[in-house]
1. Just checking, which of VAL229, VAL239, VAL213 is among the hydrophobic types (A, V, I, L, M, F, W, C), under 30 Å from HIS140 (Cβ atoms) and outside any helix (DSSP H, G or I)?
2. Residues PRO177, PRO185: which one is within 16 Å of ligand 1 (Cβ to nearest atom), within 24 Å of ILE26 (Cα to Cα) and either touching a strand residue (DSSP E or B) at 6+ places or on another chain (Cβ under 9 Å) or of a type in the set (Ser, Thr, Tyr) (or both)?
3. Go through (1) away from ligand 1 (no atom under 16 Å from the Cβ); (2) surrounded by fewer than 24 Cβ atoms within 10 Å (Cβ to Cβ); (3) within 23 Å of THR254 (Cβ to Cβ) one by one and return the number of the condition ILE236 breaks.
4. What is the residue count in segment 155-191 for residues that are without any contact (Cβ under 8 Å) to a residue 24 or more places away in the chain and within 16 Å of GLU217 (Cβ to Cβ)?
5. Would it be correct to say that GLN240 is more than 24 Å from ILE97 (Cβ to Cβ) and either touching a strand residue (DSSP E or B) at 6+ places or on another chain (Cβ under 7 Å) or β-branched (Val, Ile, Thr) (or both)?
6. Can you go through ASN88, ASN30, ASN93 and tell me which one is surrounded by 13 or more Cβ atoms within 10 Å (Cβ to Cβ), at pLDDT 95 or above and away from ligand 2 (no atom under 16 Å from the Cβ)?
7. Looking at segment 33-51, which of its residues are within 16 Å of ligand 2 (Cβ to nearest atom) and in contact with a helix residue (DSSP H, G or I) (Cβ under 7 Å, 6 or more places away or on another chain)?
8. Of (1) in contact (Cβ under 8 Å) with a residue 12 or more places away in the chain; (2) farther than 22 Å from SER58 by Cβ, GLY244 satisfies all except one. Which?
Amino acid sequence: MALSQDTRPEADHAPERRLDRPIIEISGLNKWFGDFHVLKDIDLTVGTGERIVVCGPSGSGKSTLIRCINRLEVHQEGTITVDGIELNDDLKNIEDIRKEVGMVFQHFNLFPHLTVLENCTLAPVWVRKIPKKQAEETAHKYLERVRIPEQANKYPGQLSGGQQQRVAIARSLCMQPKIMLFDEPTSALDPEMISEVLDVMIDLAESGMTMLVVTHEMEFARKVADRIVFMDFGQIVEVQPPDGFFNNPKSDRTKLFLSQIL
Ligand code: ADP
Ligand code: MG
(Lines give C-alpha, C1' and ligand atoms only; values in the text may rest on other atoms or scores of the structure.)
(Ligands and ions follow the chains in the order given, each with its own letter.)
Protein backbone atom coordinates (compact mmCIF):
# COMPACT_ATOMS: atom_id res chain seq x y z
CA MET A 1 0.00 0.00 0.00
CA ALA A 2 1.53 3.27 -1.07
CA LEU A 3 0.67 5.88 1.48
CA SER A 4 2.00 9.33 0.96
CA GLN A 5 1.30 12.43 2.95
CA ASP A 6 -0.06 14.65 0.26
CA THR A 7 -1.09 12.88 -2.90
CA ARG A 8 -4.62 11.67 -3.12
CA PRO A 9 -5.81 9.69 -6.12
CA GLU A 10 -9.37 10.94 -5.69
CA ALA A 11 -9.11 14.36 -4.21
CA ASP A 12 -12.85 14.99 -4.39
CA HIS A 13 -13.68 16.39 -1.02
CA ALA A 14 -11.38 15.00 1.64
CA PRO A 15 -9.11 17.79 2.79
CA GLU A 16 -5.37 17.41 2.35
CA ARG A 17 -3.84 14.82 4.69
CA ARG A 18 -2.21 16.87 7.41
CA LEU A 19 -1.84 14.91 10.60
CA ASP A 20 -0.56 18.02 12.38
CA ARG A 21 -3.88 19.81 11.76
CA PRO A 22 -6.58 18.60 14.13
CA ILE A 23 -9.99 17.92 12.59
CA ILE A 24 -11.52 16.32 15.69
CA GLU A 25 -10.64 17.48 19.20
CA ILE A 26 -12.11 15.69 22.18
CA SER A 27 -11.16 17.04 25.57
CA GLY A 28 -12.20 15.98 29.08
CA LEU A 29 -15.15 14.03 27.72
CA ASN A 30 -17.40 12.35 30.28
CA LYS A 31 -20.70 10.67 29.66
CA TRP A 32 -23.18 8.83 31.81
CA PHE A 33 -26.16 6.65 30.99
CA GLY A 34 -28.18 7.37 34.13
CA ASP A 35 -25.81 6.44 36.97
CA PHE A 36 -23.53 4.46 34.70
CA HIS A 37 -20.32 6.31 33.86
CA VAL A 38 -19.77 5.09 30.31
CA LEU A 39 -17.00 7.46 29.09
CA LYS A 40 -14.37 8.65 31.53
CA ASP A 41 -12.07 11.63 30.91
CA ILE A 42 -11.54 10.98 27.23
CA ASP A 43 -8.96 13.13 25.46
CA LEU A 44 -8.32 12.44 21.79
CA THR A 45 -7.17 14.65 18.96
CA VAL A 46 -7.47 13.35 15.41
CA GLY A 47 -5.44 14.91 12.60
CA THR A 48 -6.77 15.73 9.15
CA GLY A 49 -6.64 12.54 7.10
CA GLU A 50 -5.66 10.49 10.10
CA ARG A 51 -6.88 6.92 10.44
CA ILE A 52 -7.71 5.80 13.93
CA VAL A 53 -8.73 2.27 14.83
CA VAL A 54 -10.61 1.93 18.12
CA CYS A 55 -10.56 -1.46 19.77
CA GLY A 56 -11.28 -2.94 23.17
CA PRO A 57 -13.56 -5.42 24.90
CA SER A 58 -17.30 -5.47 24.36
CA GLY A 59 -19.00 -2.85 26.51
CA SER A 60 -15.89 -0.68 26.87
CA GLY A 61 -17.59 2.36 25.31
CA LYS A 62 -16.26 2.28 21.73
CA SER A 63 -19.62 2.77 20.03
CA THR A 64 -20.68 5.41 22.52
CA LEU A 65 -17.48 7.34 21.91
CA ILE A 66 -17.77 7.47 18.14
CA ARG A 67 -21.52 8.12 18.33
CA CYS A 68 -20.76 11.23 20.43
CA ILE A 69 -18.78 12.64 17.49
CA ASN A 70 -21.91 13.17 15.41
CA ARG A 71 -24.21 13.66 18.38
CA LEU A 72 -26.03 10.34 18.12
CA GLU A 73 -25.18 10.36 21.84
CA VAL A 74 -25.10 13.46 24.01
CA HIS A 75 -22.16 13.99 26.36
CA GLN A 76 -22.44 15.72 29.71
CA GLU A 77 -18.91 17.00 30.33
CA GLY A 78 -16.01 18.10 28.19
CA THR A 79 -15.80 19.41 24.66
CA ILE A 80 -15.94 17.88 21.21
CA THR A 81 -14.91 20.07 18.30
CA VAL A 82 -15.24 18.85 14.72
CA ASP A 83 -13.59 20.88 11.97
CA GLY A 84 -13.69 23.95 14.19
CA ILE A 85 -17.35 23.58 15.17
CA GLU A 86 -18.13 22.77 18.79
CA LEU A 87 -20.76 20.14 19.43
CA ASN A 88 -23.21 21.53 21.94
CA ASP A 89 -26.94 22.13 22.12
CA ASP A 90 -26.80 24.48 19.15
CA LEU A 91 -28.88 22.68 16.53
CA LYS A 92 -27.18 24.53 13.69
CA ASN A 93 -23.80 23.21 14.87
CA ILE A 94 -25.16 19.67 15.08
CA GLU A 95 -26.61 19.95 11.59
CA ASP A 96 -23.35 21.37 10.20
CA ILE A 97 -21.28 18.63 11.80
CA ARG A 98 -23.59 15.85 10.59
CA LYS A 99 -23.08 17.08 7.04
CA GLU A 100 -19.35 16.57 7.44
CA VAL A 101 -19.40 13.26 9.27
CA GLY A 102 -20.56 10.04 7.61
CA MET A 103 -21.29 6.93 9.62
CA VAL A 104 -21.42 3.26 8.72
CA PHE A 105 -22.97 0.81 11.18
CA GLN A 106 -22.66 -2.89 11.81
CA HIS A 107 -26.16 -3.50 10.44
CA PHE A 108 -26.02 -1.47 7.21
CA ASN A 109 -29.25 0.48 8.03
CA LEU A 110 -30.23 0.81 4.37
CA PHE A 111 -33.80 1.76 3.46
CA PRO A 112 -35.23 -1.59 2.33
CA HIS A 113 -38.02 -0.11 0.19
CA LEU A 114 -35.63 2.06 -1.86
CA THR A 115 -33.25 0.90 -4.58
CA VAL A 116 -29.51 1.12 -4.12
CA LEU A 117 -29.45 4.29 -6.25
CA GLU A 118 -32.34 5.84 -4.30
CA ASN A 119 -30.61 5.00 -1.01
CA CYS A 120 -27.60 6.91 -2.29
CA THR A 121 -29.45 9.97 -3.60
CA LEU A 122 -32.07 10.50 -0.89
CA ALA A 123 -30.01 12.59 1.54
CA PRO A 124 -28.03 14.52 -1.10
CA VAL A 125 -31.31 15.59 -2.76
CA TRP A 126 -33.32 16.31 0.41
CA VAL A 127 -30.65 17.48 2.82
CA ARG A 128 -27.99 18.97 0.55
CA LYS A 129 -30.55 20.11 -2.09
CA ILE A 130 -28.46 18.72 -4.93
CA PRO A 131 -30.34 18.34 -8.24
CA LYS A 132 -31.48 14.73 -8.71
CA LYS A 133 -29.53 14.16 -11.91
CA GLN A 134 -26.31 15.38 -10.36
CA ALA A 135 -26.94 13.30 -7.22
CA GLU A 136 -27.40 10.23 -9.42
CA GLU A 137 -24.14 10.88 -11.23
CA THR A 138 -22.34 11.17 -7.92
CA ALA A 139 -24.04 7.99 -6.68
CA HIS A 140 -22.91 6.07 -9.76
CA LYS A 141 -19.37 7.32 -9.20
CA TYR A 142 -19.30 6.05 -5.62
CA LEU A 143 -21.01 2.77 -6.48
CA GLU A 144 -18.23 2.30 -8.98
CA ARG A 145 -15.69 3.12 -6.30
CA VAL A 146 -17.13 0.50 -3.92
CA ARG A 147 -17.12 -1.90 -6.88
CA ILE A 148 -20.84 -2.52 -7.33
CA PRO A 149 -21.88 -0.24 -10.20
CA GLU A 150 -24.10 -2.98 -11.61
CA GLN A 151 -26.31 -3.15 -8.51
CA ALA A 152 -27.74 0.39 -8.73
CA ASN A 153 -31.31 -0.61 -9.51
CA LYS A 154 -31.62 -3.51 -7.09
CA TYR A 155 -33.17 -3.41 -3.64
CA PRO A 156 -31.01 -4.04 -0.55
CA GLY A 157 -32.75 -7.38 0.08
CA GLN A 158 -31.46 -8.65 -3.26
CA LEU A 159 -27.83 -8.08 -2.29
CA SER A 160 -25.35 -10.01 -0.15
CA GLY A 161 -24.30 -8.58 3.21
CA GLY A 162 -20.95 -7.48 1.81
CA GLN A 163 -22.65 -5.70 -1.07
CA GLN A 164 -25.14 -4.02 1.28
CA GLN A 165 -22.34 -2.74 3.46
CA ARG A 166 -20.58 -1.33 0.41
CA VAL A 167 -23.82 0.42 -0.56
CA ALA A 168 -23.91 1.89 2.96
CA ILE A 169 -20.37 3.20 2.47
CA ALA A 170 -21.22 4.64 -0.96
CA ARG A 171 -24.35 6.23 0.48
CA SER A 172 -22.30 7.99 3.15
CA LEU A 173 -19.72 9.14 0.61
CA CYS A 174 -22.47 10.69 -1.53
CA MET A 175 -22.87 13.31 1.21
CA GLN A 176 -19.22 14.27 0.62
CA PRO A 177 -18.17 13.94 4.26
CA LYS A 178 -14.79 15.05 5.54
CA ILE A 179 -14.79 12.35 8.22
CA MET A 180 -16.07 8.78 8.17
CA LEU A 181 -16.97 6.82 11.31
CA PHE A 182 -17.28 3.05 11.13
CA ASP A 183 -18.78 1.00 13.93
CA GLU A 184 -17.79 -2.64 13.47
CA PRO A 185 -18.61 -2.55 9.76
CA THR A 186 -17.70 -6.18 9.16
CA SER A 187 -18.98 -7.81 12.34
CA ALA A 188 -22.30 -8.86 10.85
CA LEU A 189 -20.77 -10.28 7.67
CA ASP A 190 -20.03 -13.85 6.68
CA PRO A 191 -16.25 -14.38 6.67
CA GLU A 192 -15.93 -14.52 2.89
CA MET A 193 -17.43 -11.03 2.58
CA ILE A 194 -15.26 -9.28 5.11
CA SER A 195 -12.34 -8.60 2.80
CA GLU A 196 -14.46 -7.03 0.07
CA VAL A 197 -15.62 -4.42 2.59
CA LEU A 198 -12.17 -3.94 4.13
CA ASP A 199 -10.66 -3.48 0.65
CA VAL A 200 -13.06 -0.63 0.00
CA MET A 201 -12.14 0.91 3.33
CA ILE A 202 -8.44 0.62 2.50
CA ASP A 203 -9.09 2.47 -0.78
CA LEU A 204 -10.91 5.16 1.13
CA ALA A 205 -8.04 5.48 3.57
CA GLU A 206 -5.62 5.89 0.68
CA SER A 207 -7.78 8.68 -0.73
CA GLY A 208 -6.99 10.76 2.36
CA MET A 209 -10.25 10.41 4.25
CA THR A 210 -10.16 10.96 8.01
CA MET A 211 -11.45 7.71 9.47
CA LEU A 212 -12.34 6.42 12.91
CA VAL A 213 -12.96 2.72 12.74
CA VAL A 214 -14.18 0.51 15.56
CA THR A 215 -13.13 -2.98 14.57
CA HIS A 216 -11.69 -6.25 15.76
CA GLU A 217 -9.97 -6.75 12.38
CA MET A 218 -6.42 -6.43 13.61
CA GLU A 219 -4.84 -7.03 10.19
CA PHE A 220 -6.74 -4.03 8.91
CA ALA A 221 -5.59 -2.03 11.93
CA ARG A 222 -1.99 -3.03 11.33
CA LYS A 223 -2.14 -2.07 7.67
CA VAL A 224 -4.22 1.11 7.76
CA ALA A 225 -4.19 2.75 11.18
CA ASP A 226 -1.97 5.69 11.96
CA ARG A 227 -2.81 5.09 15.61
CA ILE A 228 -4.73 2.46 17.52
CA VAL A 229 -6.83 3.49 20.50
CA PHE A 230 -7.45 0.78 23.08
CA MET A 231 -10.42 1.28 25.40
CA ASP A 232 -11.49 -0.56 28.52
CA PHE A 233 -14.18 0.32 31.08
CA GLY A 234 -14.93 3.66 29.41
CA GLN A 235 -11.34 4.87 29.41
CA ILE A 236 -8.69 5.21 26.77
CA VAL A 237 -6.04 2.90 28.16
CA GLU A 238 -3.45 3.22 25.41
CA VAL A 239 -2.87 5.02 22.11
CA GLN A 240 -0.04 3.86 19.88
CA PRO A 241 0.88 3.42 16.23
CA PRO A 242 0.33 -0.21 15.13
CA ASP A 243 3.95 -1.23 15.46
CA GLY A 244 4.16 -0.23 19.11
CA PHE A 245 0.65 -1.38 19.87
CA PHE A 246 1.19 -4.94 18.65
CA ASN A 247 4.87 -5.40 19.43
CA ASN A 248 5.28 -3.37 22.56
CA PRO A 249 1.95 -2.75 24.31
CA LYS A 250 2.42 -0.66 27.42
CA SER A 251 -0.49 -1.71 29.54
CA ASP A 252 -1.28 -5.14 30.97
CA ARG A 253 -4.88 -4.70 29.92
CA THR A 254 -3.79 -4.22 26.30
CA LYS A 255 -1.55 -7.29 26.52
CA LEU A 256 -4.43 -9.36 27.87
CA PHE A 257 -6.78 -8.11 25.14
CA LEU A 258 -4.25 -8.87 22.41
CA SER A 259 -3.59 -12.34 23.81
CA GLN A 260 -7.32 -13.03 23.59
CA ILE A 261 -7.91 -11.86 20.04
CA LEU A 262 -4.70 -12.56 18.13
P1 ADP B 1 -18.84 -1.14 22.95
O2 ADP B 1 -19.21 -0.52 21.66
O3 ADP B 1 -17.41 -0.96 23.34
O4 ADP B 1 -19.22 -2.60 23.01
P5 ADP B 1 -20.90 0.56 24.03
O6 ADP B 1 -20.41 1.94 23.79
O7 ADP B 1 -21.94 0.05 23.09
O8 ADP B 1 -19.67 -0.43 24.11
O9 ADP B 1 -21.49 0.44 25.47
C10 ADP B 1 -20.76 0.79 26.62
C11 ADP B 1 -21.59 0.48 27.83
O12 ADP B 1 -22.70 1.37 27.87
C13 ADP B 1 -22.15 -0.92 27.87
O14 ADP B 1 -22.11 -1.36 29.21
C15 ADP B 1 -23.56 -0.76 27.41
O16 ADP B 1 -24.40 -1.72 27.96
C17 ADP B 1 -23.90 0.63 27.93
N18 ADP B 1 -24.88 1.32 27.07
C19 ADP B 1 -24.77 1.54 25.74
N20 ADP B 1 -25.82 2.23 25.27
C21 ADP B 1 -26.63 2.46 26.35
C22 ADP B 1 -27.88 3.13 26.53
N23 ADP B 1 -28.50 3.73 25.49
N24 ADP B 1 -28.40 3.15 27.76
C25 ADP B 1 -27.76 2.57 28.81
N26 ADP B 1 -26.58 1.92 28.71
C27 ADP B 1 -26.02 1.86 27.50
MG1 MG C 1 -20.07 -1.31 19.96
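1. VAL213
2. Among PRO177, PRO185, only PRO185 is within 16 Å of ligand 1 (Cβ to nearest atom), within 24 Å of ILE26 (Cα to Cα) and either touching a strand residue (DSSP E or B) at 6+ places or on another chain (Cβ under 9 Å) or of a type in the set (Ser, Thr, Tyr) (or both).
3. (1)
4. So the answer is 1.
5. yes
6. Sole residue among the options that is surrounded by 13 or more Cβ atoms within 10 Å (Cβ to Cβ), at pLDDT 95 or above and away from ligand 2 (no atom under 16 Å from the Cβ): ASN30.
7. Within segment 33-51, VAL38, LEU39, ILE42 qualify.
8. Condition (1) is where GLY244 drops out.
The values are calculated or read from the model by the stated rules, or taken from the named source; none is laboratory data. A quick note: this is a predicted structure, and the numbers were derived from the prediction, not measured. Reconstructed Cβ throughout: ideal geometry from the backbone, glycine too, with neighbour counts over all protein chains shown.
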